[in-house]
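Laboratory data are not the source of any read-out in this text; all were calculated from the coordinates shown. Not measured: the values here are computed from a predicted model. Neighbour counts run over all protein chains shown; Cβ positions are idealised from the backbone, glycine included.
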Amino acid sequence: MSTMRNAKLGAIALAIGLLGVAAMPWSVAADTQKAETGAPAETLRPEIQRPLVEAQALAEAKNYKDAIAKIAETDKVDSKTPYEIFAVERTRGEYYLKVDDKVNAAKSFEAVSAANYLKPADQVNLDLVIARIYFQASNYPATISWVQRYLKEGGGDPNSKDILNKAYFLNKEYAEAYKGFSAAVSETIAAGRAPDEQSLQIILNCTSLLNDTEGALRAVEQLNSYYPSTKNWVYLVGQVHSKAGFSERLYLDILRLKFELALMNTAADYVDMADTATRFGFPAEAKKVLDQGFASGVLDKGADARKNAALLDAANKRAADDLKTMQQGEASAAKSKDGTGLVNLGFAYATTGQFDKGASLIEEGISKGGLSRLEEAKLHLGIVYYWSGKKDKAIAQLRTVEGRDGTADLARYWIMQINHPIAK
């Protein structure tokens with residue numbers, strides 16, 4: 001899947017964007033501070049409290065760099081107590097954030113965490129704050145470690161797993177990223193919501209980077225199910241046609257899907273489908289295709305314009321003649337031992353725009369039984385329901401289609417288009 005292998009990590013990192021980090025308010029105005037765990041109040045030595053108070057005054061004037069320099073005076077004090085470390089690093093970490101020094105901010109907050117002076121719930125939340133800071137600093141191994149710690153300690157922020165999964169991807173741990181994003185997407189779908197496009201794109205990139213061809217196909221299908229694109233549709237239709245076991249008998253159905261998706265861009269595309277429809281006994285469908293080719297301005301230009309006009313004239317004549325003989329064919333098909341004739345005739349009627357009559361005959365043919373191509377008949381019945389505007393009925397019918405010759409794949413792709421039609 002060469003077209004899907006161009007994963008651009010830098011672009012994806014930009015798309016992910018920066019994750020917000022909560023500020024951690026702190027005051028050192030009093031001579032003593034009480035540990036947030038409820039422990040007895042502890043005293044800051046003057047040589048530590050004085051620089052902190054002066055730093056706070058500088059910070060209030062938004063002079064954060066000088067505030068950080070002032071706090072650095074406390075580094076000369078030996079043998080700080082755990083409480084003093086907590087007070088110094090919590091204040092210093094906040095000021096580092098103010099000057100966008102994420103690396104040093106994270107180090108300060110790690111020291112706050114190690115001091116273990118926060119209430120248990122706040123201590124857990126600090127883990128996620130540190131993880132967010134490391135993510136912003138592009139330190140993905142540290143991000144992964146701190147989110148894992150946060151989750152292990154019972155953290156429940158729903159965004160934490162998203163940060164973890166993105167860190168896995170940006171750290172090139174594609175198997176873990178694939179597992180995490182796939183689980184998140186499954187949960188979203190199970191909850192009745194549409195997954196976001198970025199997550200589906202990352203899943204696709206993971207499968208490509210892991211050289212998982214089958215996984216990449218599933219990922220493109222999932223992405224295209226919610227966010228269809230011409231590029232993805234071209235890939236998917238091509239995969240059906242080239243898949244092992246595909247029956248060339250379904251080639252016209254491939255072209256029908258391409259026609260529905262507006263993937264026909266050249267005169268050769270239109271002429272090929274018209275010729276194929278004629279050979280399969282659907283002249284009205286050939287006429288419809290050629291009409292569209294001329295309406296789009298593709299067939300009436302170039303050296304073959306006159307030849308294409310002759311094809312359309314012939315298609316008009318064949319379609320008119322075929323319509324005259326359909327009623328006779330209906331009587332003959334009704335007398336047949338199996339339902340094949342009724343199914344074929346019903347689809348022919350549908351190509352002329354007589355959808356209800358066509359669907360009725362196909363239904364009768366399937367009920368009569370004896371079909372050697374039952375799954376194909378079920379596929380065509382679903383398509384006719386869709387053509388007639390009965391989308392829910394079409395989807396229900398198409399979901400019954402089985403078969404490894406391409407019928408099940410085509411049915412699934414028709415459902416995909418019905419649920420999320422691509423803009424033509």
Förster-model FRET efficiency, 45 Å R0, R306 and L210, C-beta, rounded to 0.05: 0.30
field: Hits among lysines - C-alpha to C-alpha of K62 under 24 Å, sequence gap 8 or more where chains match
entry: K70, K98, K102, K107
statement: Tilt, helix 82-98 to longest principal axis of the chain (alpha-carbon atoms), in degrees rounded to tens, equals 50 degrees
statement: Toy charge model, Lys and Arg Cβ at +1, Asp and Glu Cβ at -1: the range 102-151 dipole around Cα centroid in debye, rounded to 20, equals 80 debye
- prompt: Based on the mean of other beta carbon atoms within 10 Å per residue, what is the order of 170-177, 318-325, most packed first?
  reply: 170-177, 318-325
message: If the reach is capped at under 14 angstrom between alpha carbons, list the aspartates and glutamates near K179, excluding any in the same chain fewer than eight residues apart.
response: D162, E187, D212
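What does the highest-first list of 101-108, 294-301 look like by mean Cβ count within 10 Å?
Values: 101-108: 20.9, 294-301: 14.9.
With the highest mean Cβ count within 10 Å placed first, the list reads 101-108, 294-301.
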message: Quick check: from the Cα gyration tensor, does the range 236-309 come out rounded (a/c under 1.5), prolate or oblate?
response: prolate
- prompt: By per-residue mean of other Cβ atoms within 10 Å, what is the highest-first order of 207-218, 72-83?
  reply: 207-218, 72-83
message: Using the crude model of +1 on Lys and Arg Cβ and -1 on Asp and Glu Cβ, and no other charge, please compute the dipole size for the range 175-226 relative to its Cα centre, in debye to 20.
response: 60 debye
query: Where does the charge balance sit around F135 when Lys and Arg score +1, Asp and Glu -1, over other residues with C-beta under 10 Å from its C-beta?
result: +3
- line: Summing -39500 (n - 2.57) over every DSSP H run of at least 4 residues in the chain and dividing by its residue count gives a helix-only mean residue ellipticity at 222 nm, to the nearest 500 deg cm²/dmol, of -22000 deg cm²/dmol
message: Helix 407-419 against the longest principal axis of the chain: what's the angle in degrees, Cα atoms only, rounded to the nearest 10?
response: 60 degrees
query: Which stretch or stretches of the range 233-267 have amide N atoms under 19 Å from the point lying 7 Å from S336's Cα along the Cα→Cβ direction?
result: 249-253
task: Provide R404, R279 in ascending order of the number of other Cβ atoms located within 10 Å of each residue's Cβ, fewest first.
output: R279, R404
- prompt: In Å, what is the Rg of the alpha-carbon atoms in the chain, and how long is Dmax?
  reply: 33.4, 107
- prompt: Using Cα atoms only, what is the angle between the long axis of helix 213-226 and the major principal axis of the chain, expressed in degrees (0 to 90) to the nearest 10?
  reply: 90 degrees
query: Given the pairs K243/K287; K357/K391; K337/K391; K231/K258; K258/K337; K258/K393, which span a C-alpha to C-alpha distance of over 24 angstrom in this model?
result: K243/K287; K337/K391; K258/K337
- prompt: Given a cut-off of 17 Å, what percent of all Cα-Cα pairs of the range 175-226 lie beyond it?
  reply: 25 percent
query: Could you give the nm distance between label points at A191 and K317, where each point is 7 Å from its Cα heading toward the beta carbon?
result: 6.4 nm
